[in-house]
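Below: the structure, in structure tokens.
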Amino acid sequence: MFDSEFWSINWALMQGFGSTLLLFSVTLVASLPLGLLVCFGSMSNFSPLRYATRVFIWVIRGTPLMLQVMIVFYLPGLAFGMPVENRMAAVLVAFIINYAAYFSEIYRGGIEAIPKGQYEAGQVLGLTDNQIFFRIVLIQVLKRILAPLSNEVITLVKDTSLARVIAVGELIRAAQDIVAQQALIWPLFYTGIFYLVFNGLLTLAFGALEKKLDYFKG
């Protein structure tokens, strides 16, 4: 039988996992639509906007997420004398910006893979550009980007552990606190079960979504 220590450790880890779920959920909900806006900027016919957006994407993708978290948290205090009080908010800002940049490139690859004939067919039918995109192009893009998108989402689950760099109490930080306070090492390895189960559920969800989109074979 499991003793009280085991259950108390589980409870502490569950609290940390709650922060992990919060960080994951808010990042995903905010970065997916933001990534689409960034994608439109990187594909814009307006050169200054296109170049500025692509430089932004290059900087975000070319620097570590951990560094970005530290910049968002520490820079306002160091540069402007306005320290960030809410650590979770700082992590969320860094994560949302980072993943929006990555998602934008996934979107761009999917959109650019659609044959120009699809757009021309929509124009022949008298559809507007917005109608062509949302009624004809978008469903095809979703089909094409689902696999890379699922990989990025699963990476996000694991990246949430980087929040501990500014002492946000996510799952790994909770386990580290237990190791330091109780001189137990197993809780740190035990966290792997949380990640495996969560990523397993996400894998099943994306698999079901992929089957749902199987009717489109293009």
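What follows draws every value from the coordinates through simple rules; no lab data is involved. No experiment lies behind these values; they were computed from the predicted model shown. Virtual Cβ from ideal backbone geometry, glycine too; neighbours counted across all protein chains shown.
If a paramagnetic tag sat 7 Å from the Cα of GLN118 along the Cα-Cβ line, which residues of the range 142-159 would have the backbone N under 16 Å from that point?
Hits in the range 142-159 for GLN118 at 16 Å: 142-149.
Place a +1 charge on the Cβ of each Lys and Arg in the chain and a -1 charge on the Cβ of each Asp and Glu, then give the dipole magnitude about the Cα centre in debye, rounded to the nearest 20.
640
Enter the mean projected area of the convex hull around the alpha-carbon atoms of the chain, in nm², rounded to one decimal.
Hull-based average projected area comes out at 15.8 nm².
Suppose the chain between ALA167 and THR128 were pulled fully straight at 0.36 nm per residue; how much longer would it get relative to their current alpha carbon spacing?
Full-extension gain reported as 9.1 nm.
Using a ≥ b ≥ c from the Cα gyration tensor of the range 1-125 (square roots of the eigenvalues), is it rounded, prolate or oblate, where a/c under 1.5 gives rounded and otherwise the larger of a/b and b/c decides, a/b for prolate?
oblate
Can you pull the one-decimal nm distance between simple spin-label points at LEU142 and ILE71, each 7 Å off the Cα toward Cβ?
3.4
Rank-order 116-123, 145-152 by packing density, defined as the average count of other C-beta atoms within 10 Å over each peptide's residues, highest first.
Per-residue Cβ counts within 10 Å, averaged per peptide and sorted highest first, yield 145-152, 116-123.
Which of PHE133, LEU202, LEU37 sits closest to the plus end of the dipole of the chain, meaning its Cα is farthest towards the positive end, when Lys and Arg get +1 and Asp and Glu get -1 on the C-beta?
PHE133
How large is the helix-only mean residue ellipticity at 222 nm for the chain, computed as the sum of -39500 (n - 2.57) over DSSP H runs with n ≥ 4, divided by its residue count, in deg cm²/dmol to the nearest 500?
-27000 deg cm²/dmol
Could you pull the Cα extents of the range 117-218 along its three principal axes, largest to smallest, in whole Å?
Ordered largest first, the range 117-218 gives principal extents of 70, 28, 13 Å.
Say R0 is 30 Å: what FRET efficiency, to the nearest 0.05, do GLN15 and LEU196 get from their beta-carbon distance?
About 0.95, to the nearest 0.05.
Taking +1 at the Cβ of each Lys and Arg and -1 at the Cβ of each Asp and Glu, which of GLY192, THR155, GLY117 sits farthest along the dipole of the chain towards its positive end, judged by Cα position relative to the Cα centre?
It is GLY117.
Using the per-residue mean of other Cβ atoms lying within 10 Å as a proxy for protection, in what order, highest first, do the peptides 168-177, 50-59 fall?
Packing proxy ranking, top to bottom: 168-177, 50-59.
State to the nearest 20 debye the size of the charge dipole of the range 96-218 about its Cα centre, where the only charges are +1 on K and R beta carbons and -1 on D and E beta carbons.
Computed charge dipole of the range 96-218: roughly 240 debye.
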